[in-house]
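The numbers here are math on the coordinates, done by the rules we state, and not lab data. The structure presented is a predicted model; accordingly, all values stated were derived computationally and were not measured. Positions of Cβ are generated from backbone atoms using ideal geometry, with glycine treated the same way; all protein chains shown enter the neighbour counts.
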Amino acid sequence: MQDDLREILAAGLAAADPADAVRRSLRVVGSEISVGGRAFEAGSVSVVAAGKAAGAMARAAVEVLGDKISGGIVVTKDDHDPGPEGLETVFSSHPEPDERGVEAARKARELAESLEDNDLLLALISGGASALLADPGEGIGLNELKRLTGDLLRSGADISEINTVRKHVSTLKGGGLANLAAPAPTLALLLSDVVGDEPSSIASGLTAPDPTTLEGARSVLERYGIEPPESVTRHLATAEETPKPGDDLFDKVVNVVCGGGRHAAEAAVEKARELGYAPLLLSTFFTGDARGAASMYAAVVREVLASGNPIPPPCAIVGAGELTVTVRGDGTGGPNQEFSLALSLALEGVDGWAAFSVDTDGHDGPTEAAGALVDGGTASAIREGGVDPEDAMETNDAYAALEAGGALLVTGPSGTNVNDLRVALVSGCRNGV
């Protein structure tokens, strides 16, 4: 089953290829550029590509548009693919911002502000852009933004809550990039890494109307007991609101989700069927704590083995979404590693199953592992490797535990970034249930 899981993972990642997503969506019809059923005449096209898939998306856009593109900037994470010749590539830090991200945001802002009525901004946005474009609002320093970002990432807040705060302490997010480009129109292709594929949530909605509010941002901080730097508190008390749905600004803005977690999950379903497993796509809307999701998956696996419900084995249980970790200890890991470790403990000694959980960008949390591949023997292998898996759970040290058990999945940067993907295969053996 482990070999089958690796094939299923490869199929899921291939379906989320960002270059293919751009080629599917971007068209040139005569002198017009078309996205999502809207067409615009453009004197020249300037590109702002930002995120972990920015390089691939920009190269595909150049393939389609050729010399219609006059220039632009590609902002991506260290060790990820750069953009094409003719576009400036800036590497910056993720998940916490750095000075390079501040410089990248400055360049993107200046490019947007330089556009005229008959120009066009082509925004190519993928997950990670929120951190890679470090654009602190007025009066907020980079160190203060980094502290706020770190507190949010460790709090257990989900990505929509984190982005609610980011939008209101920034200059480009929450529709700010499109606002700076106006009156030039904006065409935005979005590779979604958020549950539900809502444009205002993808990369903190650089080109989308923002339904969240300053009060909502303050509420997130209060809900998770985060005491922000004084400059952030002051900014949230005095800043102007972000542009909202219905604002005339967005009459000349088109946001199209060109790829996302559902593409990866559906490809995993088809590959599982091809390999002889009856697939069950549970949901592409998984959110919440990784441990809770693992408990649910374990219950489904046990039910399949015991009764053949909700689908008889051999079967594949597929899901996607964005899980979170509430940090209780000082260990290392990420949501997919925490899910995998919790699942291996919940089904320890149970035969007839194997599962993976991965971050599709190739990096789960602040580690070089994409996630892990586990089965009923993983917990024992961790102990044999000299690590107590229960202790690792308590200290959020999933990385060390899974490494000791030989269960980590290391893919390197995948070139894409959509929702997390997890698949459990159940062969039908009932020993240990």
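What the table below lists for this structure:
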item	result
Dipole of segment 18-259 [Lys/Arg +1, Asp/Glu -1 at C-beta], most positive-end residue of Leu249, Ser46, Val75	Val75
Virtual paramagnetic centre 7 Å along Cα→Cβ of Glu240, amide N under 16 Å, in segment 101-136	113
Share, in percent, of DSSP beta bridges within segment 262-426 that are antiparallel, nearest 5	70
Segment 255-332: equivalent-ellipsoid semi-axes (sqrt of 5 x gyration tensor eigenvalues, Cα, Å)	24, 21, 10
Trypsin sites (Lys or Arg not before Pro) lying in DSSP loop within segment 1-75, provided at most 12 other Cβ fall within 10 Å	none
Mean residue ellipticity (222 nm) of the chain, computed from DSSP H runs ≥ 4 via -39,500 (n - 2.57), nearest 500	-11500 deg cm²/dmol
Pairs of Cα atoms farther than 22 Å apart, segment 46-131, %	18
Summed residue charge, Cβ within 15 Å of Leu191's Cβ, Lys/Arg positive, Asp/Glu negative	-4
Unit charges on C-beta of K, R, D, E only; dipole of segment 262-426, Debye	580
Given Lys107/Lys146; Lys77/Lys244; Lys68/Lys244; Lys52/Lys244; Lys77/Lys167, the pairs whose alpha carbons are separated by over 24 Å	Lys77/Lys244; Lys68/Lys244; Lys52/Lys244
Helix 2-15 axis, angle to the chain major axis (alpha carbon atoms, nearest 10°)	10
Cα principal axis extents for segment 18-89, largest first, Å	37, 22, 15
15 Å beta-carbon shell around Leu115, net charge (K/R +1, D/E -1)	-2
Cβ-based charge dipole, segment 18-259, positive-most Cα from Val64, Ala123, Ser231	Val64
DSSP-loop GluC sites (Glu not before Pro) across segment 185-243, with at most 11 other Cβ within 10 angstrom	Glu240
Global size of the chain as Cα Rg and Dmax, reported in angstrom	22.0, 69
